[in-house]
Amino acid sequence: SSDLILKNIKFIFRGIGISTINFGIELMFTFFFFFLGILLPFKGVFYATTFIIQSFFIAYSFLDYTLERREFGIKNSIKEAFRNFLPLSIIGLLFMLFFIIPVIGVLYGPFYFTGVVTLYYLKKEKIS
């Protein structure tokens, strides 16, 4: 029983750690590209880049469930996510598009795309 409690506390702190680090990284990139968009003439490129960064972090939040089950630590989880930047960004973008569908997107999107990211990762790693 105490072993289970310690394991759950470890998961909670891992979640807080990953959330904090990812929020900091996302905020840093978002502000950087947002301010470039304000300062330089081709604003659309920088706003699109910010959108892609947000898409990546959304998909990474779905992927982390799988990485947590595979007992990835915080550092390895982040490294694994960035190794899959393009596919995660595409999946996150698809999620964001699906999410704007009234009712269906909100109810089913998170479950569906957690499955999509998990299947992507398992196929990529050839894990069953």
Checklist entry - Looking at T66, T20, which is the one that is open to solvent by 80 Å² or more (accessible area, probe 1.4 Å), modelled with pLDDT of 90 or more and part of a helix (DSSP H, G or I)? => result T20
Checklist outcome for this item: Of (1) buried (at least 17 other Cβ atoms within 10 Å of the Cβ); (2) under 12 Å from the mean Cα position of the chain (by Cα); (3) at pLDDT 95 or above, F85 fails just (1)
Checklist entry - Going by the structure shown, is I12 within 17 Å of G73 (Cα to Cα), assigned to a helix (DSSP H, G or I) and open to solvent by less than 80 Å² (accessible area, probe 1.4 Å)? => result no
Next on the checklist: Residues to consider are F34, F56; find the one that is open to solvent by 50 Å² or more (accessible area, probe 1.4 Å) and more than 20 Å from I127 (Cβ to Cβ).
Outcome noted: F34
Item to check | Only listed residue being open to solvent by 50 Å² or more (accessible area, probe 1.4 Å), closer than 24 Å to L119 by Cβ and not in a helix (DSSP H, G or I), chosen from I101, I90 | outcome: I101
Checklist entry - Which residue, of K43, K75, is open to solvent by 50 Å² or more (accessible area, probe 1.4 Å) and within 28 Å of K7 (Cα to Cα)? => result K75
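The values are calculated or read from the model by the stated rules, or taken from the named source; none is laboratory data. What you see is a predicted model, and the numbers here were worked out from it, not measured in a lab. Please note: Cβ atoms are built from the backbone with ideal geometry, for glycine as well, and neighbour counts cover all protein chains shown. Remember, those area values only see protein heavy atoms, side chains included, never the ligands or the DNA or RNA. Shrake-Rupley method; radii C 1.70, N 1.55, O 1.52, S 1.80 Å.
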